[in-house]
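Asks: Supplied in structure tokens, the structure appears directly below.
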Amino acid sequence: MKKHGILNGPLSGALATLGHGDLVVVADCGLPLPLNGPVVDLAVVPGVPTFTAVLDALLDELVLESALAADECRGGPVERWIRDRLPEADYIPHEQLKGLATVAKVLVRTGEATPYANIVLRSGVPF
């Protein structure tokens, strides 16, 4: 058994395949899922696991180059959650963010039921 870090096998394995510039989407339970893309579905019931719990676990393991969230989350709790963790995040229209979800290397579905609780993380390199 792993001593620390992400214990979910499919998620841990998917993260291990990331290279520079690959996209990871952390999605609420309402974001349309891609038909052919890899999805790690962590949703159990509405609210479990939370967007912030999953995002925090990913941030502990990943080297990031950038992050994108939906313009529509501005002024609400999701923007505060993101700003607390990723103050350098940029914002794009939600429709554009949904388009990026279709080309992401990994999409992680949470149980979050707060509107626009989605973020696109671009993998960086540690050197």
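Asks: Just one of (1) 13.4, 41; (2) 14.0, 42; (3) 14.5, 48 is Rg and Dmax of the Cα atoms in Å calculated from these coordinates, so which is it?
Replies: Computed from the coordinates, Rg and Dmax of the Cα atoms in Å corresponds to (1).
Asks: While we're here: Per-residue ellipticity at 222 nm for the chain, helices alone: DSSP H runs ≥ 4 residues times -39500 (n - 2.57), over residue total, nearest 500 deg cm²/dmol?
Replies: Values: 4 runs with 36 residues, N = 127.
The per-residue figure over the chain is -8000 deg cm²/dmol.
Asks: If you don't mind, another one. So if R0 is 25 Å, what FRET efficiency would His20 and Arg80 give, r being the distance between their Cβ atoms, rounded to the nearest 0.05? Could you put the intermediate results ahead of the total?
Replies: On the way: r = 30 Å, r/R0 = 1.18.
Rounded to the nearest 0.05, the efficiency is 0.25.
Asks: When only Cα pairs under 8 Å and 6 or more residues apart are kept, what is the percent relative contact order across the stretch 65-113? Could the numbers behind the result be given before it?
Replies: Details: 33 pairs, mean separation 20.7, N = 49.
Relative CO of the stretch 65-113 lands at 42 percent.
Asks: I want the local charge near Leu18. Using Cβ-Cβ distances under 13 Å, sum +1 for each Lys or Arg and -1 for each Asp or Glu among the other residues. Provide the component values of the computation, followed by the final result.
Replies: Working: positive: Lys105, Arg122; negative: Asp22, Glu61, Glu65.
Around Leu18, the surrounding residues sum to -1.
Asks: Skip the ligands, DNA and RNA, and give the accessible area per residue of the chain with a 1.4 Å probe, whole Å². Display every interim value, and only then the final one.
Replies: Details: 6580 Å² over 127 residues.
With the other protein chains kept in place, the chain gives 52 Å² per residue.
Asks: Given 0.36 nm per residue, what is the gain on full extension from Asn8 to Ala53 after removing their alpha carbon distance, in nm? Write down the numbers at each step before the final one.
Replies: Values: separation 45, 0.36 × 45 = 16.20 nm, distance 1.34 nm.
Going from the current span to full extension adds 14.9 nm.
Asks: Can you give the net charge of the other residues whose Cβ lies under 12 Å from the Cβ of Lys98, counting K and R as +1 and D and E as -1?
Replies: Here the charged neighbours net out to -3.
Asks: Of all DSSP beta bridges in the chain, what percent run antiparallel (nearest 5)?
Replies: On the way: 10 of 20 bridges.
Just about 50 percent of them are antiparallel.
The values are calculated or read from the model by the stated rules, or taken from the named source; none is laboratory data. In this text the structure is predicted, and so the values were computed from the model without any measurement. Positions of Cβ are backbone-derived with ideal geometry, glycine not excepted, and every protein chain shown enters the neighbour counts. Accessible surface is based on the protein model in full, side chains and every heavy atom, while ligands, DNA and RNA are left aside. Shrake-Rupley method; radii C 1.70, N 1.55, O 1.52, S 1.80 Å.
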